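K.L.:
Encoded as structure tokens, here's the structure I'll be asking about.
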Amino acid sequence: MCGRAAYSTASFSSAASSLRCGHSVIAAASASSSSDTTTNNLNMSPGNSAQIFRYNHTSNSVCSTPMIWGLLPNNGSAKSPHLLPSDDNFTPSPHYIMFNARSETIDTKKSFHSLLRDGQSCIFAVDGYYEWTKSSSPIDKRKQPYFVKSSSPDTPLLLAGLWTQVKTGRRNNNQEETISTFTILTKEAHPKLAWLHPRQPCILNDSCVAREWLQNPSKALVDKILSLSNEQQQQQSNIKNEGTDPWECYPVTKKMNDAKYHGNDCTIQVKSKGRKLDSYFATSPSPGKRKKKEVKEDYYSKSTSQQDFEGKNAATKCSQQGENWDTLLPKEAASNEWSCHVCTYLHTNSKSQFLVCEMCGSERECTQHSV
């Protein structure tokens, strides 16, 4: 999970201000704007580099260091050196595959335990991150990417992580070459995002907690961060008003399925396409299916106003009597396909009788009937 993110200088500068890094850090990043680590990368994946925040215990201040996403816990060797993104034969795998770390077990895993003990924590500031779901279209089987960002405008996501510096196994100008890499901590997904993926990055919503993570990281602090996250989830579940979710999630272009795509439309919302009309006529139905189709057409030959009336009447009875959808709508309508109005997941066959979306958990709209 979380193997793709949108990184920009705007998010970096905003995070630098909230972490009270000082003008020197922002000025240094702006001065090196031609560097690969400070330019916008709206489709960043493991093996790419970015400016990462860490704490400098010598100067007692937050600073930024260019690092590569994907932790390398051990030194390379002359026979098997770590490849850099600038190398001709570079590939993210198998070198930079440790791009996530489970926050629940970082104190027991050998690769992460020593980093946490030695205070090698970091923060990766991003515009947002991407996740994928299965396509609901029977024609376009490509997975649908979704972009998750803060619901507050111009607010970056501060992702907690761990970092290290190791030797590549090569020498440069008679000096041993080193490389700095990092990984992102993950946790159980927020209930509003669980339909997208069971896990999500560990996001530091409070700047004070973020600074504490950089200065004095520990398993106790990780537990505190997870506890604060759970408390926020509980508070949000008690709020009935819409628009209170801390994050915004929407579908983006399927060009994002290519890790090498870097267009300006990476984070722009698109309309998720459901099943196309012509797909219903792609094949000739069998005699048995043709008979069922005629029965369905008899119900849908009614006027739109009459269907709406029946749907609303059924919804009212549902709320008053607690009866199932299937007992209130005509049997022909209950067997029909329907798409979720939130994530557009298409429910077919036996799933068409579900009252909530199997993918995201959203309630089925009572007046929604899809042919």
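The values are calculated or read from the model by the stated rules, or taken from the named source; none is laboratory data. Quick caveat, the model's predicted, so the values are computed rather than measured. Neighbour counts run over all protein chains shown; Cβ positions are idealised from the backbone, glycine included. Keep in mind that these areas ignore ligands, DNA and RNA; they rest on the heavy atoms of the full protein, side chains included. Shrake-Rupley method; radii C 1.70, N 1.55, O 1.52, S 1.80 Å.
K.L.:
Scan the stretch 56-94 residue by residue and report those that are of a type in the set (Phe, Trp, Tyr) and either more than 27 Å from the chain's Cα centre (by Cα) or surrounded by 23 or more Cβ atoms within 10 Å (Cβ to Cβ) (or both).
P.N.:
Across the stretch 56-94, the qualifying residue is only Trp69.
K.L.:
Something else about it: Which one is farthest from Tyr55 (Cα to Cα), of the residues in the stretch 195-214 that are of a type in the set (S, T, N, Q) and surrounded by 15 or more Cβ atoms within 10 Å (Cβ to Cβ)? Spell out the reasoning first.
P.N.:
If we filter the stretch 195-214 for residues that are of a type in the set (S, T, N, Q), which is where we start, we get 200, 205, 207.
Checking which are surrounded by 15 or more Cβ atoms within 10 Å (Cβ to Cβ) leaves us with 200, 205.
Details: Gln200: 24, Asn205: 18 Å.
Top of the filtered list is Gln200.
K.L.:
Looking at Leu162, is it more than 20 Å from the chain's Cα centre (by Cα) and of a type outside the set (Ser, Thr, Tyr)?
P.N.:
Considered against the rule, which asks whether it is more than 20 Å from the chain's Cα centre (by Cα) and of a type outside the set (Ser, Thr, Tyr), Leu162 comes out as no.
K.L.:
Moving on to the next point. If you scan the stretch 136-158, which residues turn out to be more than 21 Å from Thr186 (Cβ to Cβ) and either surrounded by fewer than 19 Cβ atoms within 10 Å (Cβ to Cβ) or of a type in the set (Val, Ile, Thr) (or both)?
P.N.:
Ser137, Pro138, Ile139, Asp140, Lys141, Arg142, Ser152, Pro153, Asp154
K.L.:
Separate question: Determine if the stretch 22-38 includes at least one residue that is modelled with pLDDT of 90 or more, buried (at least 18 other Cβ atoms within 10 Å of the Cβ), under 30 Å from Tyr261 (Cβ atoms) and in contact with a strand residue (DSSP E or B) (Cβ under 8 Å, 6 or more places away or on another chain).
P.N.:
No, every residue in the stretch 22-38 fails to be modelled with pLDDT of 90 or more, buried (at least 18 other Cβ atoms within 10 Å of the Cβ), under 30 Å from Tyr261 (Cβ atoms) and in contact with a strand residue (DSSP E or B) (Cβ under 8 Å, 6 or more places away or on another chain).
K.L.:
Then there is this: Can you tell me which residues in the stretch 88-114 are farther than 25 Å from Ser227 by Cβ, among the aliphatic types (A, V, I, L, M) and at pLDDT 85 or above?
P.N.:
Met98, the sole residue that qualifies.
K.L.:
Next question. Do we find that Lys192 is of a type in the set (Lys, Arg), open to solvent by less than 70 Å² (accessible area, probe 1.4 Å) and either modelled with pLDDT of 95 or more or in contact with a helix residue (DSSP H, G or I) (Cβ under 9 Å, 6 or more places away or on another chain) (or both) in this structure?
P.N.:
In short, no.
K.L.:
Within the stretch 190-201, can you find the residues that are over 16 Å from Ala5 (Cβ atoms) and either of a type outside the set (A, V, I, L, M, F, W, C) or in contact with a Leu (Cβ under 8 Å, 6 or more places away or on another chain) (or both)?
P.N.:
Answer for the stretch 190-201, where residues must be over 16 Å from Ala5 (Cβ atoms) and either of a type outside the set (A, V, I, L, M, F, W, C) or in contact with a Leu (Cβ under 8 Å, 6 or more places away or on another chain) (or both): His190, Pro191, Lys192, Pro198.
K.L.:
Let me ask something additional. Is it the case that Asn74 is farther than 19 Å from Leu204 by Cβ, in contact with a Ser or Thr (Cβ under 9 Å, 6 or more places away or on another chain) and at pLDDT 90 or above?
P.N.:
Criteria met by Asn74.
K.L.:
Also, quick follow-up: With respect to Lys224, is the statement that it is open to solvent by 40 Å² or more (accessible area, probe 1.4 Å), at negative phi and of a type in the set (Lys, Arg) true?
P.N.:
yes
K.L.:
Separate question: Could you please let me know if Thr178 is farther than 22 Å from Val222 by Cβ, under 15 Å from the mean Cα position of the chain (by Cα) and modelled with pLDDT under 95?
P.N.:
So Thr178 fails the test.
K.L.:
May I ask you to list the residues in the stretch 95-121 that are basic (Lys, Arg) and surrounded by 12 or more Cβ atoms within 10 Å (Cβ to Cβ)? Show your work before the answer.
P.N.:
Just the residues of the stretch 95-121 that are basic (Lys, Arg), to begin with: 102, 109-110, 117.
Correct list: Arg102, Lys109, Arg117.
K.L.:
Okay, next question. Can you name the number of the only condition in (1) under 21 Å from Met256 (Cα atoms); (2) over 27 Å from the mean Cα position of the chain (by Cα) that Ile97 fails?
P.N.:
Exception for Ile97: condition (2).
K.L.:
Something else: Checking Thr164 against (1) surrounded by 20 or more Cβ atoms within 10 Å (Cβ to Cβ); (2) in a loop (DSSP other than H, G, I, E, B); (3) touching a helix residue (DSSP H, G or I) at 6+ places or on another chain (Cβ under 8 Å): exactly one of these is not met. Which one?
P.N.:
(2)
K.L.:
Identify, from the list Trp213, Trp195, the residue that is over 20 Å from the mean Cα position of the chain (by Cα), aromatic (Phe, Trp, Tyr) and not in a strand (DSSP E or B).
P.N.:
Numbers: Trp195 fails: over 20 Å from the mean Cα position of the chain (by Cα).
Checking each option against the conditions leaves just Trp213.
K.L.:
For Pro46, indicate whether it is in a strand (DSSP E or B) and either open to solvent by 10 Å² or more (accessible area, probe 1.4 Å) or touching a residue at least 12 places away in the same chain (Cβ under 8 Å) (or both).
P.N.:
no
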